[in-house]
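A short write-up of the structure that comes next.
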Amino acid sequence: MTKPLPRSFYARDTKEVAKDLLGKMLVRKLAEGTIKGKIVETEAYYGEEDPASHAFRGRTERAKIMWGIPGTAYVYLIYGMYYLFNIVTEKKGKAGAVLLRALDPQEGIGVMRRIRKIEEPEKHILVSTKKEIHGWWPGKRECTSERMLINPYNGCGIGCFFCYALAFPGHFQTFCQKGIITVAKDFDRVVAKQLDSIDIASCGYLSPVTDPFQPLNEKYHLSEKIIRVFIERNIPIEFITKAFIPQEVIELIKLQTHSFGQVSILSVDDKMRKFLVPGGSSTSILFNNLERLANEGIFAVCRIDPIFPYLTDKPEDLTELIERATGIGAKHIIASVLDIPLRIKEKILKALKNHFGVGIEWNYRKLYQEKIDAYLNARIDYRKKIFDLLGNICEKKNITFALCMEYQLKEGEIVGLNQEFMSSQNCEGINIPIYGRKEEKFYPV
């Protein structure tokens, strides 16, 4: 049997250790048996010079272990859901650690399944549902197209700590408080039955509140099944995702003229993306999503939604993001600046503080002074400056631009900002007609 690596292996430059760990085995001996996995993905984090590192803010109570003995395990919980396993690197007294991001199981797979505290790939419950497809919720909205909203999952394994759905009631609170995703059992059949009962249909929207291609979808494939239900009836459908788009989805929606895809890319910096969207796909995969859609003639939308003040709002970064998106075929840009649901305000600010320090929290508290309904918004002068910048970039790249759910207060009235900044006919950049039934299928009215 191979011997454990000596501590001297870890008492080296963090990046070199991260590279050399690839292909090594992580072994754990339990009463039930030995489990073993090959290390296939790592991340290197340095000390106070690395903004992405826990050590960036100095020797805090949580991070002080990173200055400790090389070869020590550093395990911590994020978002109340995920335990991350790291190994301390560098010589004692100098901070560093390597995150073991992925393993390829080699031995004891049955034992792994039995001892997992959450059901693979995410902790979840299956519920029968009678929920109905519906249109936009009542209240303020600038959306210029009708939609049928579809959501097979309440809760999301993408892990965005800022997600406004965490403030929603019902099953969303089960997810927010316990990390349990609620899955609408056989929802594709429920949707099919409802579509077969109507004669007029607008475009389907999958999904306004959770990612349709989150990890749990790999188990149930409800999103692919629902898309197939729409395409078989020739009803258009759109999706928004921060994850990899299954090839089956692209093959399906290219069969329907008005179906399209939206890909959310929050930053060109993948380390920043990993903090904001830990369960999503890498930046390179997200750009590849846009390219795959465009190559099949599918209308592709890039969403910079939301922009984080002081973190992802640098003009040069936004310019690079838009240039990369347009260069591979994106036809429209949608953007927003982070708004903060009052119900989870402190949770969001705490996450930012824990990662970037008290300074960023203080900056956010100063910037977020405008309350509109149940949300805090960044000051209107800041937001308009960002939207003016984005509009100018898009104009130069000859691509249309719109905002999502952006408002201001004028004399006590809530007024949408798209009337000032949108360059397209509607917010999603593509005109989709209402469809009517003709026997078994639907056609544009």
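Values quoted throughout were computed directly from the atomic coordinates according to the rules given, and no laboratory measurement underlies them. Because the structure is predicted, anything quoted here is derived from the model rather than measured. Here Cβ is always computed from backbone atoms with ideal geometry, including for glycine, and neighbour counts include all displayed protein chains.
In order along the stretch 378-395, phi translates into HN-Hα couplings of 4, 3, 5, 5, 5, 5, 5, 4, 5, 5, 5, 4, 5, x, 5, 4, 5, 4 Hz, rounded to whole numbers, per the Karplus curve 6.51 cos²θ - 1.76 cosθ + 1.60 with θ = phi - 60° and x for Gly and Pro. Taking a straight line from the alpha carbon of LYS350, these lysines sit under 20 Å away, with near neighbours fewer than eight places off in the same chain left out: LYS64, LYS178, LYS271, LYS274, LYS366, LYS371.
In sequence order, the stretch 216-223 has phi-based couplings of 5, 5, 5, 8, 9, 6, 5, 5 Hz under the Karplus curve 6.51 cos²θ - 1.76 cosθ + 1.60, θ = phi - 60°, and Gly or Pro positions carry x. Within the same chain, aspartates and glutamates fewer than 8 places from LYS438 are excluded, and of the rest, those with a Cα less than 16 Å from its Cα are ASP196, ASP199, GLU232.
Which net charge results for the neighbourhood of THR60, defined as the other residues with beta-carbon distances under 13 angstrom from its beta-carbon, given Lys and Arg at +1 and Asp and Glu at -1? Walk me through the numbers before you get to the answer.
On the way: positive: ARG57, ARG59, ARG62, LYS64, LYS353; negative: GLU48, GLU61.
Once all neighbours under 13 Å are counted, the net charge is +3.
Toward the positive end of the charge dipole of the chain, with +1 on the Cβ of Lys and Arg and -1 on the Cβ of Asp and Glu, the farthest Cα among SER336, THR2, ALA374 is that of THR2. Compared with the dominant principal axis of the Cα atoms in the chain, helix 315-327 is inclined by about 60°. Shown in residue order for the stretch 303-309 are the 3J(HN,Hα) couplings computed by the Karplus curve 6.51 cos²θ - 1.76 cosθ + 1.60 at θ = phi - 60°: 9, 9, 8, x, 8, 9, x Hz (x for Gly and Pro).
Compute the signed sum of charges (Lys and Arg +1, Asp and Glu -1) over the other residues within less than 13 Å, Cβ to Cβ, of LEU22.
On the way: positive: LYS15, LYS19, LYS24, LYS38, ARG101; negative: GLU16, ASP20, GLU41, GLU43, ASP104.
Spelling it out: positives minus negatives among the neighbours equals 0.
As a rough footprinting exposure proxy, the listed residues VAL263, VAL127, VAL111 were ranked by other beta carbons within 10 Å of their own, and the order from fewest upward is VAL127, VAL111, VAL263.
Remark: relative contact order (the chain) = 12 percent; criterion is Cα-Cα distance under 8 angstrom and separation of 6 or more residues.
So how strong a dipole does the stretch 7-115 carry about its Cα centre when Lys and Arg Cβ are +1 and Asp and Glu Cβ are -1, to the nearest 20 debye? Could you put the intermediate results ahead of the total?
On the way: 19 positive and 13 negative charges, 72 e Å.
It works out to roughly 340 debye.
Protection proxy ranking for 396-405, 168-177, using the average of other Cβ atoms within 10 Å per residue and placing the highest first: 396-405, 168-177. Only the Cβ atoms of Lys and Arg (+1) and of Asp and Glu (-1) were treated as charged; on that basis the dipole of the chain about its Cα centre amounts to roughly 1820 debye.
Secondary structure note: in the chain, about 60% of the DSSP beta bridges are antiparallel. Mean residue ellipticity at 222 nm, helices only, the chain: -8500 deg cm²/dmol; runs of at least 4 DSSP H residues each add -39,500 (n - 2.57), and the sum is divided by the number of residues. On the basis of the beta-carbon distance and an R0 of 22 Å, VAL209 and ILE285 show a calculated FRET efficiency of 0.45. Computing FRET efficiency as 1/(1 + (r/R0)^6) for GLU346 and GLU218, where r is the C-beta to C-beta distance and R0 is 35 Å, gives about 0.60.
Dividing the mean sequence gap of close Cα pairs (under 8 Å, 6+ apart) by how many residues the stretch 7-115 holds gives a relative contact order of 32 percent.
For the chain, the Cys residues with no second cysteine's beta carbon closer than 4.7 Å are CYS143, CYS156, CYS176, CYS203, CYS302, CYS394, CYS404, CYS427.
For LYS397, a cut-off of 13 angstrom between C-alpha atoms picks up these aspartates and glutamates, skipping any fewer than 8 places away in its own chain: GLU320, GLU323.
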